[in-house]
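The values are calculated or read from the model by the stated rules, or taken from the named source; none is laboratory data. These figures come from a predicted structure and were not determined experimentally. Here the Cβ positions follow ideal geometry from the backbone for every residue, glycine too, while neighbour counts run over all protein chains shown.
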C-alpha cells in the first residue's frame, strides 16, 4: 500500500481565496483524521470520520473550515475564505480502528496564506 | 489536566542513550504510542505499548510504562544523527489519539 496520500504537498494562496486539501486514506481503514500543526499550538485534531461519517468536529476552528468524506477512499478539507492565520501544515491520518487505534499519517500539506 | 505532557527539548551526544519522558492523563488508555517526526515529514509510528505491559524492546528502542504514575518513557540506545527528530508521546482516548507537544531531540557531535 502507498500509505496515506495527500495533495497538494505545498499550497501558497492569497487571503480570501478558497483552499481545498485532499486525502486518500489507506485502503481498508475506516477512520480518517484531519490535523493541523503549527509551532505555536502543536498538533491539533480538527475532525475525524468513521465509515465516512463525521464523528467529532469540535476541533474545527471556524465556519470557514469544512470537511467531507464522500466515500471510503477520499476526503477533503476546505477553507473558505482563507486567512493568513490558517498557515500551517495540515495532516491527514487513517486508522483501522481494530483495537490498537494506531494512526498512519500522510506527508502533510504545507499551506501558506499571504 | 487533560494534556499529555513531555519536555520540549533534549540534547544528547552521539553514541549516548536518549531518554524521553512523558506523562499521560487517562488511566483507562489501552495503548500508549511514540511517534517520530523528521523535518518536513509526517508523523511516523515508532512503537506502541499495550497498557498491561511494563516494557517493550525493539532493537535500539526500549519503552517503559509505569501505569501507577501514568509515566511513559522512550529510551534510544546508541543515539545516531539520524535519530534527530521530534518525538511525540500519545495515548488513545475513545476513538482518538491525544498527542503531546513533542520533544525535539538534538544530537551533539
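Scanning the stretch A:6-40 for residues that are surrounded by fewer than 16 Cβ atoms within 10 Å (Cβ to Cβ), under 10 Å from residue A:106 (Cβ atoms) and within 12 Å of chain B (Cβ to nearest Cβ) returns a single hit, A:9. Residues of the stretch B:88-109 that are more than 14 Å from every other protein chain (Cβ to nearest Cβ) and crowded, with 17+ Cβ neighbours inside 10 Å: B:105, B:107. Checking the stretch A:76-83 against the condition returns a match, with at least one residue being farther than 19 Å from residue B:99 by Cα, surrounded by 16 or more Cβ atoms within 10 Å (Cβ to Cβ) and within 14 Å of the chain's Cα centre (by Cα). Among the conditions (1) more than 14 Å from chain B (Cβ to nearest Cβ); (2) assigned to a loop (DSSP other than H, G, I, E, B); (3) in contact with a strand residue (DSSP E or B) (Cβ under 8 Å, 6 or more places away or on another chain), residue A:101 misses just one, which is (1). Out of A:43, A:111, one residue alone is more than 11 Å from every other protein chain (Cβ to nearest Cβ) and buried (at least 20 other Cβ atoms within 10 Å of the Cβ). It is A:111.
I'm checking my understanding of the structure. Among residues of the stretch A:47-75 that are in contact (Cβ under 8 Å) with a residue 40 or more places away in the chain and closer than 20 Å to residue B:97 by Cβ, which one is farthest from the other protein chains (Cβ to nearest Cβ)? Let's see the steps before the verdict.
Going through the stretch A:47-75, the residues in contact (Cβ under 8 Å) with a residue 40 or more places away in the chain turn out to be A:50, A:72-75.
So of that shortlist, the ones also closer than 20 Å to residue B:97 by Cβ come out as A:50, A:75.
Numbers: A:50: 7, A:75: 15 Å.
Per the stated criteria, the residue is A:75.
Can you name every one of the strands (runs of 3 or more DSSP E) wholly within the stretch B:12-87 that holds 3 or more residues which are away from chain A (no Cβ under 14 Å) and modelled with pLDDT of 95 or more?
Details: elements: B:18-23, B:31-37, B:43-50, B:55-58, B:61-66, B:71-76.
Filter on the stretch B:12-87 gives B:18-23, B:61-66, B:71-76.
Count of the stretch A:25-38 residues, restricted to those that are under 18 Å from residue B:4 (Cβ atoms) and more than 12 Å from the chain's Cα centre (by Cα), is 1.
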